[in-house]
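Read the structure below first, then the notes.
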Amino acid sequence: MAASDDVAPPTASAYLDPTYWDGRFGKEEHYEWFKDFSHFRHLLVPLLSPSLSVLEVGCGNSRLGEELLREGVAGGITCVDLSPVAVQRMRDRLAAQGTHGVEVVVADMLDLPFEHESFDLVIEKGTMDVLFVDSGDPWNPNPSTVDNVMKMLEGIHRVLKPEGVFVSITFGQPHFRRRFFEAPGFTWSVEYSTFGDGFHYFFYTLKKGKRSLESNSYQNALPAAPKVNMFHEELESEDYIFRTNVEEL
Ligand SMILES: C[S@@+](CC[C@H](N)C(=O)[O-])C[C@H]1O[C@@H](n2cnc3c(N)ncnc32)[C@H](O)[C@@H]1O
């Protein structure tokens, strides 16, 4: 669905400002960043079971929470977003549909208000990407980007149960994401698949307590920047897609 024309195109750092998202969600009923559930259902369903408790981080006005409910997840689905407007609109939508079983909460993913080891599955789609919009050189991101990404991941790792799973759906390529996912202190293994036609999105599966020796050795030998200058092309491409998603709506 198209966003209203009177939502100003954002500057990069606007993505970190809840008032930008409030303005947008105040006008927009439903928009799925990247792709909707049907495109990655085949990757997510094998990770689901009825008893799972799920946290979705940065839900916006996505229908992912409802889709999980439809798939039979009954252990509790909590969706959080920084934008109070997004949260209220999602609550209104669920109430209008008579949907029970999805709790929607205003919360900052950099300071998650949940007890340690609360969830079996944490999922984010396009939310961590917000932190990378203003990151500078993707091979050497700004310290503030690194701090925020690590805060987000540390919080997710903390609220996951000992054998919990974190799913990250993103356009961030492995050479830019694995260095964060595989930082010291995280016990999750890291695997990924891709989905999508033409442009491929990444579906990362991080299983807590399953970190492999192989992934440790990856961390010890972070890849050097390639000799061909992918940096400009890839950064432009990531940034372009992210902005296009906003500006074309
Ligand atoms: C690119 S949108 C993705 C929305 C949704 N996950 C989807 O797939 O359509 C990013 C979302 O992250 C939210 N967000 C941004 N910063 C956040 C933060 N610090 N804590 C929680 N949510 C945040 C925004 O309000 C927005 O809903």
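Observations, loosely collected:
- Taking the numbered list (1) part of a strand (DSSP E or B); (2) surrounded by 22 or more Cβ atoms within 10 Å (Cβ to Cβ) in turn, Val105 passes all entries but (2).
- Residue check for Thr194: at pLDDT 80 or above, of a type in the set (Val, Ile, Thr) and within 23 Å of Ser38 (Cα to Cα): yes
- Matching residues in region 70-84 - criterion: being within 16 Å of the ligand (Cβ to nearest atom), of a type in the set (A, V, I, L, M, F, W, C) and more than 19 Å from Phe34 (Cα to Cα): Ile77, Leu82
Every residue, every condition in (1) under 19 Å from Leu52 (Cα atoms); (2) surrounded by fewer than 20 Cβ atoms within 10 Å (Cβ to Cβ), yes or no:
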residue	(1), (2)
Ala74	yes, yes
Ser83	no, no
Glu124	yes, no
Phe132	no, no
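- When residues of region 39-62 are limited to those that are within 13 Å of the ligand (Cβ to nearest atom) and not aliphatic (A, V, I, L, M), the one farthest from the chain's Cα centre (by Cα): His39
Residue by residue, here is whether (1) more than 17 Å from Lys125 (Cα to Cα); (2) of a type in the set (Phe, Trp, Tyr); (3) at pLDDT 95 or above holds:
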site: Asp5; (1), (2), (3): yes, no, no
site: Ala14; (1), (2), (3): yes, no, no
site: Tyr20; (1), (2), (3): yes, yes, no
site: Ser51; (1), (2), (3): yes, no, yes
site: Arg70; (1), (2), (3): yes, no, yes
site: Ile77; (1), (2), (3): no, no, yes
site: Ala95; (1), (2), (3): yes, no, yes
site: Pro113; (1), (2), (3): yes, no, yes
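- Residues of region 28-44 that turn out to be surrounded by fewer than 16 Cβ atoms within 10 Å (Cβ to Cβ) and outside any loop (DSSP other than H, G, I, E, B), as a count: 3
- Top-ranked residue in region 13-38 [being within 9 Å of the ligand (Cβ to nearest atom) and of a type in the set (Lys, Arg); ranked as farthest from Gly198 (Cα to Cα)]: Arg24
- Residue, modelled with the highest pLDDT, within region 34-44, restricted to residues that are out of contact with any Phe, Trp or Tyr (no Cβ under 9 Å at 6 or more places or on another chain) and not acidic (Asp, Glu): Arg41
- Residue under evaluation Leu112, criteria (1) within 15 Å of Leu160 (Cα to Cα); (2) hydrophobic (A, V, I, L, M, F, W, C); (3) more than 13 Å from the ligand (Cβ to nearest atom), criterion not met: (3)
The values are calculated or read from the model by the stated rules, or taken from the named source; none is laboratory data. Because the structure is predicted, anything quoted here is derived from the model rather than measured. As a convention, Cβ positions derive from the backbone with ideal geometry for all residues, glycine included, and neighbour counts pool all protein chains shown.
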